[in-house]
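Engineer: First the structure, which I've put down as structure tokens, then a few questions once you've had a look.
The values are calculated or read from the model by the stated rules, or taken from the named source; none is laboratory data. Every value quoted in this text rests on a predicted model; they were computed, and no experiment measured them. Cβ placement follows ideal geometry from the backbone for every residue including glycine, while neighbour counts extend to all protein chains displayed.
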Amino acid sequence: MSLFISFEGGEGSGKSTQGAILARWIVKQGFPVTLVREPGSTRLGNHLRRLLKGKQMSPAAELLLFAAARAELVETVVRPALEQGRAVVADRYADSTVAYQRYGRKIAARLVDAANNLATQGLKPDVTFLLDLPPEDGLRRVGNIRPGPPGEGKTHRADDPEQLRFEREPLLFHRRVRAGYRKLVEKEPLRWVVINATEPMEQVTDTIRREVARRLPSIAGPSGLADLLDLTGAELEADRAPEG
Ligand code: TYD
């Protein structure tokens with residue numbers, strides 16, 4: 001049995017950390033897992049990631065590049081992994097495009113949906129965790145906020161010219177992204193699990209595990225062939241070592 005899990009949220013929500021922790025835990029349960037992040041986790045995706053992080057570009061170009069990275073990932077990694085009966089843990093997926101490009105950048109819904117449909121071939125996660133927190137908190141966590149006029153405070157880190165374009169967007173942009181996620185949750189409440197990401201990390205980890213445990217088969221599958229595309233082999237070996 002396969003299980004497709006995605007993590008969503010704004011900047012500094014801790015979803016990458018929680019996704020990696022969850023993937024390791026699933027391996028420990030004896031279930032094969034593939035961990036991916038977007039954009040990335042393929043050669044093309046990593047290439048596009050560098051462009052998307054640094055280069056100024058039009059909103060339409062941005063939408064299409066995210067879609068291109070996703071199309072490659074779904075076709076070459078996610079779908080084959082699910083077909084092999086693996087669990088897939090995705091750090092961002094199509095919902096990010098709706099939250100950021102539709103609500104953040106204000107691109108028409110039908111265009112964003114068309115790009116997502118083409119990229120995903122209709123493949124949706126079984127469960128999606130939204131790590132929800134006020135954007136002010138998230139940006140502060142990643143060290144990128146400066147006070148500005150109410151609601152339009154500029155977000156930037158003076159000492160880092162390479163900083164992500166998205167983190168530099170004004171607070172209003174990040175508020176639209178958060179509101180966009182909430183609309184997605186309202187539309188499909190059964191797929192989403194909303195988690196208060198201001199809670200202590202261990203508590204967030206526990207909540208996620210409980211939700212995933214309910215969805216994984218009770219008998220462990222073939223033992224832990226892990227394919228954590230953005231972790232190193234050393235990290236994996238450490239995870240396989242017996243505890244205590
Ligand atoms: P990343 O460094 O992975 O940030 P994070 O840890 O917050 O995921 O950069 C990904 C950035 O790209 C992030 O700011 C969200 C944005 N993004 C979109 O705007 N649309 C998308 O479809 C995806 C996948 C990401």
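Engineer: Output the residues belonging to the stretch 23-38 that are within 25 Å of Ala119 (Cα to Cα) and touching a residue at least 60 places away in the same chain (Cβ under 8 Å).
Structural biologist: Correct list: Ala23, Pro32, Val33, Thr34, Leu35, Val36, Arg37.
Engineer: Go over the candidates Lys28, Lys55 one by one and state the one that is over 20 Å from Gly122 (Cβ atoms), within 13 Å of the ligand (Cβ to nearest atom) and modelled with pLDDT under 95. I'd like the intermediate steps shown before the answer.
Structural biologist: On the way: Lys28 fails: within 13 Å of the ligand (Cβ to nearest atom).
Exactly one of Lys28, Lys55 is over 20 Å from Gly122 (Cβ atoms), within 13 Å of the ligand (Cβ to nearest atom) and modelled with pLDDT under 95, namely Lys55.
Engineer: While we're on this one: Of the numbered conditions (1) within 15 Å of the ligand (Cβ to nearest atom); (2) among the basic types (Lys, Arg); (3) more than 17 Å from the chain's Cα centre (by Cα), Arg210 fails exactly one; give the number of that condition.
Structural biologist: (1)
Engineer: I'm checking my understanding of the structure. Among residues of the stretch 9-25 that are near the ligand (Cβ under 9 Å from one of its atoms) and not in a loop (DSSP other than H, G, I, E, B), which one is surrounded by the most Cβ atoms within 10 Å (Cβ to Cβ)?
Structural biologist: Gly9
Engineer: It is to be established whether one or more residues within the stretch 114-128 are surrounded by fewer than 24 Cβ atoms within 10 Å (Cβ to Cβ), closer than 18 Å to Trp192 by Cβ, touching a residue at least 12 places away in the same chain (Cβ under 8 Å) and among the aliphatic types (A, V, I, L, M).
Structural biologist: Scanning the stretch 114-128 turns up at least one residue that is surrounded by fewer than 24 Cβ atoms within 10 Å (Cβ to Cβ), closer than 18 Å to Trp192 by Cβ, touching a residue at least 12 places away in the same chain (Cβ under 8 Å) and among the aliphatic types (A, V, I, L, M).
Engineer: Given the criterion within 25 Å of Arg165 (Cα to Cα) and of a type outside the set (Asp, Glu), identify the matching residue among Gly45, Gly85. Lay out the reasoning, then the answer.
Structural biologist: Working: Gly85 fails: within 25 Å of Arg165 (Cα to Cα).
Going through Gly45, Gly85 in turn, the sole match is Gly45.
Engineer: Please give the number of the condition Lys106 fails out of (1) basic (Lys, Arg); (2) on the phi > 0 side of the Ramachandran plot; (3) near the ligand (Cβ under 8 Å from one of its atoms).
Structural biologist: (3)
Engineer: Can you work out which of the residues in the stretch 58-95 that are within 11 Å of the ligand (Cβ to nearest atom) and outside any helix (DSSP H, G or I) is nearest to Arg215 (Cα to Cα)?
Structural biologist: Ala90
Engineer: Condition check: buried (at least 21 other Cβ atoms within 10 Å of the Cβ) and more than 13 Å from the chain's Cα centre (by Cα). Does Phe31 satisfy that?
Structural biologist: Values: buried (at least 21 other Cβ atoms within 10 Å of the Cβ): yes; more than 13 Å from the chain's Cα centre (by Cα): yes.
So Phe31 fits the description; yes.
Engineer: Something else now. How many residues are modelled with pLDDT under 95 and of a type in the set (A, V, I, L, M) if we restrict to the stretch 195-227? Can you show your working first?
Structural biologist: Within the stretch 195-227, the first condition is being modelled with pLDDT under 95, and the residues that meet it are 213-227.
In the following step, the residues that additionally are of a type in the set (A, V, I, L, M) were identified as 213, 216, 219-220, 225-226.
Residues in the stretch 195-227 being modelled with pLDDT under 95 and of a type in the set (A, V, I, L, M): 6 in total.
Each row is one residue, and each column tells you yes or no for (1) closer than 26 Å to Pro135 by Cα; (2) of a type outside the set (D, E, K, R).
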residue: Val78; (1), (2): no, yes
residue: Glu83; (1), (2): no, no
residue: Asp91; (1), (2): yes, no
residue: Ala94; (1), (2): yes, yes
residue: Gln101; (1), (2): yes, yes
residue: Ala109; (1), (2): yes, yes
